[in-house]
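Encoded as structure tokens, the structure appears first; notes follow it.
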Amino acid sequence: MTKKLGLLLTLLFVLIFSAACSEKAVTTPKEEEQTTEETTPVSSEVTEEAGTIKIGVLASLTGALESYGKQTKNGFELGLEYATNGTMEVAGKKIEVVFEDTETKPEVAVQKATKLLEEDEVDFLVGSSSSGDTLAVLPLAEEYKKIMVVEPAVADSITGSEFNPYIFRTGRNSSQDAVAGAAAIAKPGVKIATFAPDYSFGWDGVAAFKAAAEKLGAEVVLEEFADPAATDFTSNLQKIIQEKPDYLFVIWAGANSPWNQIADLKLQEKGIKISTGAPDIPALSIMEPLVGMEGFSVYYHTLPKNKINDWLVDEHKKRFDGAVPDLFTPGGMSAAIAIVEALKKSEGNADGTELIKIMEGLSFETPKGKMTFRPEDHQAMQTLYSIKLEKQDGVPYPVPVLIRELSPEETEPPILNNK
């Protein structure tokens, strides 16, 4: 396939997947004003003759998932520093990173990925914050024969129906979330309604949760989907109230979350218990009515107990005015560590086809403990956390408190790529 033909096919593919509307960028602590492209500094001691490894990172640096993109960016930069002991070099080659803003729009993601591959000539792609953006870009990784490390997009189809051998995912997928979420509430006789955004992230998440919950004997009585850009969820929530489930399991991403309206409509007072994955810290701040809720967490900075997470928390506080790493910061760090570890084993060879052989089955240590790329679909097996939201003195939001770790074996998702 020629690059021109491949791009046309990719653009057609994009039409299938829509993304949330973009929003104005917000500056984070100690973060300087951003352009849509940024390049990290690299060591000046490595000669040009030794070569450069170039990594293109796609992230929602503006738009509905802006906070997730910035968490990934911060984590990726810290991960490179940790994995290279501060040298920004691997196997005698310097590392250069170019960040591109997808604006949480699949068509923009394709444009930016094409620019990274053709103009910047990157050796790796990483991203993106949105499943829609990521699904649109996957064919380019295969066409250009470049490894793409997916982080943090969760749609099962990324390592399922739309899988190609150049795709490796450090982010967890919807099925891993579903196993953790179902374990918290599903049992025989329990009736559950689901609420999710109406695009690939939500569809895959609900399908995976339903399968896991029904396996445990529960009944999913309603699957309610909402416009991912909506701000008023009253009609959706009224349908759920009318169905009278025992639980409402919520899957959501983005700043326009439904938590305030769930509280306003007093679902829990109506006998409907709420369960969900614990979100990032800004979203936790509006979940005061859900104190006592049991669910699961992808990450909260006090949950993992290992030296890499300790380093991440300490360094993040130093660099961001005391702020702790948030939900997707360790994922960005894990993606960077995976790339560096693969390049160590390849002795700096960034050829995508050769790296597939090295990365299949590769294990590496992360802030969440050991991850392993499953050879069959390149999904990283990883730890998740069963948690309860509790009020703690001095913390202005409900805190995810560990009930127990859910091991990589417990949260292992089904293989869905049929390859």
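The values are calculated or read from the model by the stated rules, or taken from the named source; none is laboratory data. In this text, all values refer to a predicted model and were calculated from it rather than measured experimentally. As a convention, Cβ positions derive from the backbone with ideal geometry for all residues, glycine included, and neighbour counts pool all protein chains shown. Ligands, DNA and RNA are excluded from the accessible area calculation, which covers all protein heavy atoms including side chains. Shrake-Rupley method; radii C 1.70, N 1.55, O 1.52, S 1.80 Å.
Taking the conditions exactly as written (on the phi < 0 side of the Ramachandran plot and modelled with pLDDT under 95), does residue 375 satisfy them or not? Spelling it out, it is not the case that residue 375 is on the phi < 0 side of the Ramachandran plot and modelled with pLDDT under 95. Return yes when residue 334 is in a helix (DSSP H, G or I), buried (at least 16 other Cβ atoms within 10 Å of the Cβ), among the polar types (S, T, N, Q) and touching a residue at least 12 places away in the same chain (Cβ under 8 Å) and no when it is not. So residue 334 fits the description; yes. Scanning segment 315-331 for residues that are over 13 Å from residue 78 (Cβ atoms) and surrounded by fewer than 15 Cβ atoms within 10 Å (Cβ to Cβ) returns 321, 322. Close contacts from segment 76-97, counting a first residue that is open to solvent by 10 Å² or more (accessible area, probe 1.4 Å) and a second that is aromatic (Phe, Trp, Tyr), with Cβ to Cβ under 8 Å and a gap of 6+ residues or different chains, come to 82/311. For segment 257-279, indicate whether the set of residues that are among the aromatic types (Phe, Trp, Tyr), more than 19 Å from the chain's Cα centre (by Cα) and assigned to a helix (DSSP H, G or I) is non-empty. Yes, the conditions are met somewhere in segment 257-279.
Table: residues versus (1) open to solvent by 10 Å² or more (accessible area, probe 1.4 Å); (2) basic (Lys, Arg); (3) in contact (Cβ under 8 Å) with a residue 40 or more places away in the chain.
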position: 142; (1), (2), (3): yes, no, no
position: 149; (1), (2), (3): no, no, yes
position: 168; (1), (2), (3): no, no, yes
position: 180; (1), (2), (3): no, no, yes
position: 188; (1), (2), (3): yes, no, no
position: 197; (1), (2), (3): no, no, yes
position: 201; (1), (2), (3): yes, no, yes
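Which residues, counting only those in segment 402-413, are open to solvent by less than 70 Å² (accessible area, probe 1.4 Å) and either assigned to a loop (DSSP other than H, G, I, E, B) or farther than 14 Å from residue 184 by Cα (or both)? Result: 407, 408, 411, 413.
Residue-level check: of (1) open to solvent by 20 Å² or more (accessible area, probe 1.4 Å); (2) closer than 28 Å to residue 381 by Cα; (3) modelled with pLDDT of 90 or more, residue 294 misses just (3). Looking at residue 312, is it of a type in the set (A, V, I, L, M, F, W, C), open to solvent by less than 10 Å² (accessible area, probe 1.4 Å) and part of a loop (DSSP other than H, G, I, E, B)? Spelling it out, it is not the case that residue 312 is of a type in the set (A, V, I, L, M, F, W, C), open to solvent by less than 10 Å² (accessible area, probe 1.4 Å) and part of a loop (DSSP other than H, G, I, E, B). Of the residues making up segment 269-289, those that are touching a strand residue (DSSP E or B) at 6+ places or on another chain (Cβ under 6 Å) and surrounded by fewer than 19 Cβ atoms within 10 Å (Cβ to Cβ) number 1. Of all the criteria given as (1) open to solvent by 30 Å² or more (accessible area, probe 1.4 Å); (2) of a type outside the set (Ser, Thr, Tyr); (3) assigned to a helix (DSSP H, G or I); (4) closer than 21 Å to residue 385 by Cβ, the one not satisfied by residue 305 is (3). For the residues 380, 323, the requirement of being under 25 Å from residue 278 (Cα atoms), part of a loop (DSSP other than H, G, I, E, B) and of a type in the set (A, V, I, L, M) singles out 323. The residues on offer are 257, 285, 297, and the sole one that is of a type in the set (Ser, Thr, Tyr) and farther than 22 Å from residue 200 by Cα is 285.
Filtering segment 203-216 to residues that are assigned to a helix (DSSP H, G or I) and either open to solvent by less than 20 Å² (accessible area, probe 1.4 Å) or among the aliphatic types (A, V, I, L, M) (or both) leaves 205, 206, 207, 208, 209, 211, 212, 213. From the list 390, 365, 354, 376, the one residue that fits, being of a type outside the set (S, T, N, Q), surrounded by fewer than 18 Cβ atoms within 10 Å (Cβ to Cβ) and within 20 Å of the chain's Cα centre (by Cα), is 365.
Restrict the check to segment 217-233 and report whether at least one residue is in a helix (DSSP H, G or I) and open to solvent by 20 Å² or more (accessible area, probe 1.4 Å). No: segment 217-233 contains no residue that is in a helix (DSSP H, G or I) and open to solvent by 20 Å² or more (accessible area, probe 1.4 Å).
Checked against the criteria, residue 45 counts as open to solvent by 80 Å² or more (accessible area, probe 1.4 Å), acidic (Asp, Glu), more than 28 Å from residue 282 (Cα to Cα) and modelled with pLDDT under 95.
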